[in-house]
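Contents: one structure, followed by commentary.
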Amino acid sequence: MARRRIIAGNWKMNKTPAEAVELCNTLKDLVKNDNVDVVYCVPAIDIVPVVEAVKGTNVKVGAENFYIEDKGAFTGEISAPMLKEAGVEYIIIGHSERRDIFGENDILINAKVKKAFASGLKPILCCGESLALRKAGTYKEWIARQIKWDLDGVTADQVKNLVIAYEPIWAIGTGETATSDQAEEVCKMIREIIGQMYDAATADAVRIQYGGSMNAGNAAELLSKDNIDGGLIGGASLKPDFGQIVNA
Ligand code: PEP
């Protein structure tokens, strides 16, 4: 099956609402490509202006975080119905910064994946190993465990609409990219795990991104690999370079 490429920007905690609109305008003509899903995952406060700024273009909007309840006494949180009504389609779940800085564990991440699907949001589920695990040679077991926990109770039909981002933590924001062979090795393994957990059709359908210092210079090589269907891009998503990644 030919999987549709998906290039998503993770803006993290960058860009005020006015700056966000400015970035959308800068990127507008650069990210045009009808053969690629282009997504901007933006800070919560930027969602409404960004949805407005990308109207009429090929760009979809994603959120960077949400909570699993629809409403109530959860100070500081934002819910799936709020995101949906604002025009959000994608949601990043399990990013290493949420796991490491905010203490999110696989039980919460699994609940978020299920809640996202139940709410009509498309999850971009992140996984990946630390430098210590890479050096210890146990990174494959670690990632396999993350995938199994995070997808517990998720159906095959849902996984067919899932995006998984393989993001080695040692390559995020460091300028150090995994080689295309290192990235392909893990993305292939993730697809095999999905095949074992579900079936061949599900493994064939699930889209797997690489993330970690992807930029205009290395994107084409990474994206040429059989099991890499796109990228989750941090730093380079805030620059005109993002257009070159979309069109790599
Ligand atoms: C990320 O945090 O999802 C990411 C891939 O960041 P960067 O591209 O800056 O390494």
> With a sphere of radius 11 Å drawn around the Cβ of A53, what net charge do the other residues whose Cβ falls strictly inside it have (Lys, Arg +1; Asp, Glu -1)?
Replying inline: -1
>> Net charge around K140, counting only other residues with Cβ within less than 14 Å of its Cβ (Lys, Arg = +1; Asp, Glu = -1)?
In response: +1
> What GluC sites (Glu not before Pro) does region 147-248 have in DSSP loop regions with at most 14 other beta carbons within 10 Å?
Replying inline: E176
>> Show me, for region 120-128, the HN-Hα J-couplings you get by feeding each phi into the Karplus relation (A = 6.51, B = -1.76, C = 1.60, θ = phi - 60°), rounded to Hz, glycine and proline as x.
In response: x, 9, 9, x, 10, 8, 9, 9, x
>> What do you get for trypsin sites (Lys or Arg not before Pro) in region 4-37 restricted to DSSP loop and a cutoff of at most 11 other Cβ within 10 Å of the site's Cβ?
In response: R4
> Among all helices in the chain defined by DSSP H, which have a length of 24 Å or more along the axis from Cα atoms plus a Kyte-Doolittle mean of at least -1.0?
Replying inline: 180-197
> Counting only protein heavy atoms, what percent of the accessible surface of region 117-248 is carbon or sulfur at a 1.4 Å probe?
Replying inline: 52
> Roughly how many percent of the accessible protein surface of region 35-113 is carbon and sulfur, given a 1.4 Å probe and a whole-percent answer?
Replying inline: 55
> In region 5-246, with Lys and Arg counted as +1 and Asp and Glu as -1 at Cβ, which of these residues, A216, A203, V186, has the Cα nearest the positive end of the dipole, that is, farthest along it?
Replying inline: A203
>> Just the number please: accessible area per residue for region 5-246, 1.4 Å probe, all protein chains included, in Å².
In response: 43
> Any idea of D100's accessible area? Nearest 10 Å², probe 1.4 Å.
Replying inline: 110
> For region 5-246, what D do you get in µm² per second when you plug the Kirkwood radius from alpha-carbon pairs into Stokes-Einstein at 37 °C and 0.692 mPa s?
Replying inline: 184
> So which chymotrypsin sites (Phe, Trp or Tyr not before Pro) in region 15-118 pass both tests, a DSSP loop state and at most 15 other Cβ atoms within 10 Å of the Cβ?
Replying inline: F74, F102
> Residues with amide H under 5 Å of K60's amide H, sequence separation 5 or more or different chain, H placed in the peptide plane at 1.01 Å from N; which?
Replying inline: V38, V39, Y40
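The values are calculated or read from the model by the stated rules, or taken from the named source; none is laboratory data. Predicted, not measured: the structure shown is a model, and the values here were computed from it. So basically every Cβ, Gly included, is an ideal-geometry build from the backbone, and we count neighbours across all protein chains shown. The accessibility values were calculated without ligands, DNA or RNA, using every heavy atom of the protein model including side chains. Shrake-Rupley method; radii C 1.70, N 1.55, O 1.52, S 1.80 Å.
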